[in-house]
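A.B. asks: Before I ask anything, here is the structure I am working with.
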Number of protein chains: 2
Amino acid sequence: MKVAAVQFAPVIGDKTGNAERIVGLIQEAAGHGAEYIVLPECALTGYCFDEPTEPQGLAEPVPGPFTAQLGALTAELGVVAIVGLIEAVEATLFNTAVVAGPQGLVGRYRKTHLPCLGFDRFATPGTEDFRTVAVGEVRMGVLICYDLRFPEAARLLTLQGADLIALPTNWPAPKGSIYPDFIVRTRACENRVYVVAANRVGEERGERFIGRSQIVDPSGDVLAEADSELPQTIFADASLAEARNKRFGTRTYHVDILKDRRPDLYSGLAG
Amino acid sequence: MKVAAVQFAPVIGDKTGNAERIVGLIQEAAGHGAEYIVLPECALTGYCFDEPTEPQGLAEPVPGPFTAQLGALTAELGVVAIVGLIEAVEATLFNTAVVAGPQGLVGRYRKTHLPCLGFDRFATPGTEDFRTVAVGEVRMGVLICYDLRFPEAARLLTLQGADLIALPTNWPAPKGSIYPDFIVRTRACENRVYVVAANRVGEERGERFIGRSQIVDPSGDVLAEADSELPQTIFADASLAEARNKRFGTRTYHVDILKDRRPDLYSGLAG
């Protein structure tokens, strides 16, 4: 199957314009044969809001008008798209990514790990268990940006059978480079899953984002990486069989990276 | 404090010769001012044993003759040394690393995650909880080689206050390159700890080891990396204050990588 990460520059506050850009970019990626298409965190709204009240007018119910538009598009194109937006549940806002496929809206994920005092102060942390979403033959996990810093999250999705982790993200300069430098590769390799990370480019209110969207395979090899400044959609072929094979080895060295875990010794991680 | 990783080529089966090499290398590292000195996995014995019975005659009780020799040395030099060996508990063998300091032997760790059918078939997996060892002001965690592939292990040591993770290792060619390429950096960064990884070089029974011993700081930056083929001791300065500060940020982006965890959602990791 062909996967894509769409790197672009959403315009803060311009929901109508961003929705048009998103539709055009998904059409373009589908035109190149992509079947699973990941877009950035808060792609619909922009991200650098200073106050919790500020993005209220931009937030969407899920399901809602934007997911109806997105679901109609993915149904028409026969693709799966994962798009970041701000979700409103009455007055509460979540930093959410929605998953739409040939049947329309099939899932949403609310960002769980939020920076203490940073940009995500507009959002309330998600409180639901990490769950995969099955779309066609693929079992997908969705995480958002800072979630990937915590190995626990990608591991829990893997234990539920994730083949691929979609990561809508907004990696900021300069610290965000830890993700494309080594964290994305480690999460893919330690779990033997594909990671499709779609970052944004451009600036918002003095904060610059570093691009470098990545598609990494279950060995930790980078299949594609986007430019650090320009909008760009990257593509790669992903193999379900590869992601589902957790064993590898040579003549003398055989491992199974899930069976070799020692959950009997891991109780200190939860609580 | 000054830390060191000692990369050399132990000779399989030559316990007496390896012990002499280990003593000489620790003296040399201490002569260069190193206070915490990490040596490879199975440094005393070699590693590529084909049968569980084969290394029986090389295995050591802990405490035992080798740890007495090592503890006398570290007491004399006023340093801490972490050395890999094969530990015998009656007929049961463990792939163990011992920790000796100015007071002699202060700890041991038995490798917990073992490749299914690979080289470690001579060893029985450790079953003890992950525990840090306090030596002087430093709280150390010890892991061995394949243990580092599992984010759970380094995380548990960090949650117990580890400042530094010592990793005696035997990274094989070619797959072992995932560790110095990205896994060591991720473990250091995701936990904000120092990782001091001492690999071996040379060949044993047709298996080649890839060197590239590394010292990585809590930001994930590589402070020192050794050659891929030659014996070499690498050094770096480590700051306890740096490892104990789990917060960082810019004007708008402030995180605490332990407090931002969501252990309420992590129960699926244990069992």
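The values are calculated or read from the model by the stated rules, or taken from the named source; none is laboratory data. As the structure is a prediction and not an experimental result, all values here were calculated from the model. Cβ sites come from the backbone with ideal geometry, for glycine too, and all protein chains shown count toward neighbours.
A.B. asks: Scan the stretch B:73-97 for residues that are surrounded by 13 or more Cβ atoms within 10 Å (Cβ to Cβ) and part of a helix (DSSP H, G or I) and report the count.
C.D. replies: Residues flagged as surrounded by 13 or more Cβ atoms within 10 Å (Cβ to Cβ) and part of a helix (DSSP H, G or I) within the stretch B:73-97 amount to 4.
A.B. asks: Going residue by residue through the stretch B:176-190, is there one that turns out to be surrounded by fewer than 16 Cβ atoms within 10 Å (Cβ to Cβ) and on the phi < 0 side of the Ramachandran plot?
C.D. replies: no
A.B. asks: Scan the stretch A:206-222 for residues that are away from chain B (no Cβ under 11 Å) and either under 15 Å from the mean Cα position of the chain (by Cα) or closer than 14 Å to residue A:165 by Cβ (or both) and report the count.
C.D. replies: 7
A.B. asks: Out of the residues in the stretch B:130-148 that are surrounded by fewer than 22 Cβ atoms within 10 Å (Cβ to Cβ) and among the charged types (D, E, K, R), which is farthest from the other protein chains (Cβ to nearest Cβ)?
C.D. replies: B:137
A.B. asks: I need every pair where a residue in the stretch A:179-204 that is closer than 14 Å to residue A:232 by Cβ has its Cβ under 9 Å from the Cβ of a residue that is of a type in the set (Asp, Glu), sequence separation at least 6 or different chains.
C.D. replies: These pairs meet every condition: A:180/A:225; A:198/A:41; A:199/A:41; A:200/A:41; A:201/A:227; A:201/A:229; A:202/A:229.
A.B. asks: Could you check the stretch B:1-49 and list, in sequence order, the residues that are farther than 17 Å from residue B:101 by Cα and free of Cβ contacts under 8 Å to residues at least 40 places away in the same chain?
C.D. replies: Across the stretch B:1-49, the qualifying residues are B:11, B:14, B:16, B:17, B:18, B:20, B:21.
A.B. asks: (1) at pLDDT below 95; (2) away from chain B (no Cβ under 14 Å); (3) in contact with a strand residue (DSSP E or B) (Cβ under 9 Å, 6 or more places away or on another chain): which one isn't true of residue A:61, the others all being true?
C.D. replies: Of (1) at pLDDT below 95; (2) away from chain B (no Cβ under 14 Å); (3) in contact with a strand residue (DSSP E or B) (Cβ under 9 Å, 6 or more places away or on another chain), only one is false for residue A:61: (1).
A.B. asks: Residue by residue through the stretch B:150-204, note down the ones that are among the acidic types (Asp, Glu), at pLDDT below 95 and within 20 Å of residue A:248 (Cβ to Cβ).
C.D. replies: none
A.B. asks: Kindly indicate the residue of the stretch A:217-256 that is in contact with a Ser or Thr (Cβ under 9 Å, 6 or more places away or on another chain) and among the hydrophobic types (A, V, I, L, M, F, W, C) and also farthest from residue A:39 (Cα to Cα) among those meeting that condition.
C.D. replies: Residue satisfying both the conditions and the ranking: A:248.
A.B. asks: Quick one: count up the residues across the stretch B:209-227 that are surrounded by 17 or more Cβ atoms within 10 Å (Cβ to Cβ) and under 18 Å from residue B:172 (Cβ atoms).
C.D. replies: Residues meeting the conditions: 8.
A.B. asks: Also: Any idea how many residues of the stretch B:101-149 are hydrophobic (A, V, I, L, M, F, W, C), modelled with pLDDT of 95 or more and assigned to a loop (DSSP other than H, G, I, E, B)?
C.D. replies: 3
A.B. asks: Any idea which residue in the stretch B:165-205 is nearest to the other protein chains (Cβ to nearest Cβ), counting only those that are outside any strand (DSSP E or B) and of a type in the set (Ser, Thr, Tyr)? Walk me through how you get there before you give the answer.
C.D. replies: Restricting attention to the stretch B:165-205, the residues satisfying the condition of being outside any strand (DSSP E or B) are B:169-171, B:173-193, B:199-200, B:205.
Restricting the remaining residues to those that are of a type in the set (Ser, Thr, Tyr) gives B:169, B:177, B:179, B:186.
Details: B:169: 14, B:177: 10, B:179: 10, B:186: 4 Å.
So, considering only residues that are outside any strand (DSSP E or B) and of a type in the set (Ser, Thr, Tyr), the one nearest to the other protein chains (Cβ to nearest Cβ) is B:186.
A.B. asks: Still on this structure, I have one more. What's the number of the only condition in (1) modelled with pLDDT of 95 or more; (2) surrounded by fewer than 20 Cβ atoms within 10 Å (Cβ to Cβ) that residue B:53 fails to meet?
C.D. replies: (1)
A.B. asks: Among (1) among the charged types (D, E, K, R); (2) within 20 Å of residue B:202 (Cα to Cα); (3) crowded, with 16+ Cβ neighbours inside 10 Å; (4) touching a residue at least 24 places away in the same chain (Cβ under 8 Å), there is one condition residue B:60 misses while meeting the rest; what is its number?
C.D. replies: In the conditions (1) among the charged types (D, E, K, R); (2) within 20 Å of residue B:202 (Cα to Cα); (3) crowded, with 16+ Cβ neighbours inside 10 Å; (4) touching a residue at least 24 places away in the same chain (Cβ under 8 Å), residue B:60 misses (2) alone.
A.B. asks: Name every residue in the stretch B:237-271 that is over 23 Å from residue B:155 (Cβ atoms) and either away from chain A (no Cβ under 14 Å) or surrounded by 16 or more Cβ atoms within 10 Å (Cβ to Cβ) (or both), in order of residue number.
C.D. replies: B:237, B:252 - these are the residues of the stretch B:237-271 that are over 23 Å from residue B:155 (Cβ atoms) and either away from chain A (no Cβ under 14 Å) or surrounded by 16 or more Cβ atoms within 10 Å (Cβ to Cβ) (or both).
A.B. asks: Can you name the residue in the stretch A:98-120 that is touching a strand residue (DSSP E or B) at 6+ places or on another chain (Cβ under 6 Å) and of a type in the set (A, V, I, L, M) and, of all such residues, is surrounded by the most Cβ atoms within 10 Å (Cβ to Cβ)?
C.D. replies: Among residues in the stretch A:98-120 that are touching a strand residue (DSSP E or B) at 6+ places or on another chain (Cβ under 6 Å) and of a type in the set (A, V, I, L, M), the one surrounded by the most Cβ atoms within 10 Å (Cβ to Cβ) is A:100.
A.B. asks: Here are some conditions: (1) touching a residue at least 40 places away in the same chain (Cβ under 8 Å); (2) touching a helix residue (DSSP H, G or I) at 6+ places or on another chain (Cβ under 6 Å); (3) among the polar types (S, T, N, Q); (4) farther than 20 Å from residue B:133 by Cα. Residue B:213 meets all but one. Which one does it not meet?
C.D. replies: Of everything listed in (1) touching a residue at least 40 places away in the same chain (Cβ under 8 Å); (2) touching a helix residue (DSSP H, G or I) at 6+ places or on another chain (Cβ under 6 Å); (3) among the polar types (S, T, N, Q); (4) farther than 20 Å from residue B:133 by Cα, residue B:213 misses just condition (2).
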